Amino acid sequence: MRVLIVGNMSGQLAVASKIAMDRGAKVFQVDTIAQATTALRNGKGADLLLVDVSHDIAALIAQNEAEHISVPVVACGVSTDPRTAANAIRQGAQEFLPLPPDPELIAAVLAAITDDNRPMIAHDPAMKAVIRLAEQIAPSEASVLITGESGVGKEVMARFVHQNSRRTDKAFISVNCAAIPDNLLESELFGHEKGAFTGALARRIGKFEEADGGTLLLDEISEMDIRLQAKLLRAIQERVIDRVGGSKPVPVNIRILATSNRNLEEDVRAGKFREDLYYRLNVVNLCIPPLRDRPGDLVALSTYFIKKYTTANGLKPKGISNVALEAIKANPWRGNVRELENAMHRAVLLSAGPEIEIGDIRLPDGSALGTASTLNPHVATAGQAILAAQAVQAAPANLVGRTIEAVEQEMILDTLKHCYGNRTHAAQILGISIRTLRNKLKLYMDAGIDVPAPGANEPRFVYG
């Protein structure tokens, strides 16, 4: 995890820097937004910008976007005025971090950006088999395609492969191909030369060069535009890249890992993905099974997340009741490990006793775990029907027990429906950036929640 701090380090930002480093982040600092863009151009890549709120955040983001640089921004400030935080969000910051910094809040921000510190937990035979294969091929130089549903832990597996490779002491660079707009992704990967396009004021080093000697993860490769796939294929085959606007090939020494939550063979047949690139990436395939097919991991993952979030929130250690565990085993977890983690986080915050009970565990829509509509039909039994009845009795009849996250989700989805799926209009009404809205909608879709498509239910008029 690489953090670039933009602002004077003489005060609370210096404390924030130390906390981030204590959490394993590599931190470097500049004083101005111009210096920040220069550092990013020159290959000092960052996964996150922590920016003093006194700086012009909108100008920084605009300057980065003009040079095809895509990095999330979190604003920081000592002001407790909510208008300051709201203004920073409106300028494009994803979050506002109040100073003096809270160590656990900084840890939460870092965790939201990266999976660096997530261990590989596997007790189920199906998952253990995948890990054995990963350990076997990790020391090689073979490209690896990691597949599986959203939320199963594909990036965690990619980091596991890197950590067990001969490149473990070199850089691990991850690029989310789904999160970066098509017009920015080429420059993000390959960099560009001065004057390559309007706004390219200087040479910019891309992720391929940042990862030189190490590993490059192309996360959600299936979302890459097919026109860019040809350039990627050449880079993988010949181990050279061409910066946008460049005339001289640049050699790179990297290992390629890629992930996809879609069936790439079907995309190849549909003409959405290049067949030659597919075979070049898929030298080895690590297919991670969905959580519903690895029930042996449910208890281990649940107890791990409970311990993680009781510690993170400064709470006393908590156990979990047998009834709650049975309900967890019966739930299909369509959002997989990511959904289970969020559910355990909510349960830790809602639980008032020494043990997490079934009524403390809430799904993303606010419903109780273990109701008839959430039980996995493949494992439901008469005993789980009793659990369903207990869950209904434990569920409150009003908003008590609902999280801010659940209420926020309802407000966002209702606004989106009102706007017939128009993301831009919905973001304006909600007072958040379009990027923040898209990130939240992606989380909802990853958890299996229906999100209105653009133009959904829009009234049609026929003129005759």
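The values are calculated or read from the model by the stated rules, or taken from the named source; none is laboratory data. No experiment lies behind these values; they were computed from the predicted model shown. Using ideal geometry, Cβ is built from the backbone for each residue, glycine included, and neighbour counts are taken over all protein chains shown. Only protein heavy atoms, including side chains, enter the accessible area calculation; ligands, DNA and RNA are left aside. Shrake-Rupley method; radii C 1.70, N 1.55, O 1.52, S 1.80 Å.
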Assuming R0 = 41 Å, can you tell me the calculated FRET efficiency for the pair A66 and D293, based on Cβ-Cβ distance, to the nearest 0.05? 0.35
To the nearest 20 debye, the stretch 1-94 has a Cα-centred charge dipole, built from +1 on Lys and Arg Cβ and -1 on Asp and Glu Cβ, of 240 debye
What FRET efficiency, computed as 1/(1 + (r/R0)^6) with R0 = 30 Å and r the Cβ-Cβ distance, is obtained for K44 and V451, rounded to the nearest 0.05? 0.25
How much of the accessible area of the stretch 179-235, probe 1.4 Å, is carbon plus sulfur, in whole percent? 49 percent
As an exercise, identify the GluC sites (Glu not before Pro) in the stretch 124-231 lying in DSSP coil whose Cβ has no more than 14 other Cβ atoms within 10 Å. E141
Note down the net charge around V6, summing +1 for each Lys or Arg and -1 for each Asp or Glu among other residues with Cβ under 9 Å from its Cβ. -2
If I stretch the segment between M120 and L184 completely, what's the gain in nm (0.36 nm per residue apart, minus their alpha carbon distance), one decimal? 19.8 nm
Order the following by accessible area, largest value first: Y304, Y444. Probe radius 1.4 Å; ligands, DNA and RNA are ignored. Y304, Y444
I'd like the Karplus ³J(HN,Hα) series for the stretch 337-345: coefficients 6.51, -1.76, 1.60, θ = phi - 60°, whole numbers in Hz, and an x wherever there's a Gly or Pro. 4, 4, 5, 4, 4, 4, 5, 5, 4
Rounded to the nearest whole Å², what accessible area per residue is found for the stretch 30-71 with the 1.4 Å probe? 35 Å²
Summing +1 for each Lys or Arg and -1 for each Asp or Glu, what net charge is found among the other residues whose Cβ lies under 12 Å from the Cβ of D212? +3
Would any residue of the stretch 28-42 have its amide N under 16 Å from a label point 7 Å out along Cα→Cβ of A59? List them or say none. 31-38
Per the 1.4 Å probe, what fraction of the accessible area of the stretch 14-92, in percent, lies on carbon and sulfur atoms? 54 percent
Using the beta-carbon distance between V78 and T311 and R0 = 22 Å, what value does 1/(1 + (r/R0)^6) give for FRET efficiency, to the nearest 0.05? 0.20
The stretch 240-282 - percent relative contact order, Cα under 8 Å, separation 6 or more: 25 percent
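Could you grab the relative contact order for the stretch 215-352? Cα pairs under 8 Å, six or more apart, rounded to a whole percent. Don't skip to the answer; put the middle values down first.
Numbers: 119 pairs, mean separation 29.1, N = 138.
Relative contact order for the stretch 215-352 comes out at 21 percent.
Provide the net charge surrounding A75, with neighbours chosen by a C-beta distance below 9 Å and charges set as Lys +1, Arg +1, Asp -1, Glu -1.
-2
Could you pull out the pairs from K231/K272; K154/K329; K26/K170; K207/K272; K417/K442; K44/K170 whose alpha carbons sit more than 18 Å apart here? All intermediate terms of the calculation are to be shown ahead of the outcome.
Numbers: K231/K272 15 Å; K154/K329 22 Å; K26/K170 14 Å; K207/K272 24 Å; K417/K442 16 Å; K44/K170 14 Å.
Check vs 18 Å cut-off fails for K154/K329; K207/K272.
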Run the quick spin-label model on E275 and N439: label points 7 Å from Cα toward the beta carbon, then report their separation in nm to one decimal. 4.0 nm
Counting only protein heavy atoms, what percent of the accessible surface of the stretch 268-331 is carbon or sulfur at a 1.4 Å probe? 53 percent
Once normalised by the length of the stretch 1-94, the mean sequence separation of its alpha carbon contacts under 8 Å that are 6 or more apart gives a contact order in percent of 29 percent
Amide H of R2 versus every other amide H placed in the peptide plane: which residues, excluding those fewer than 5 positions away on the same chain, fall under 5 Å? K26, D47, L48
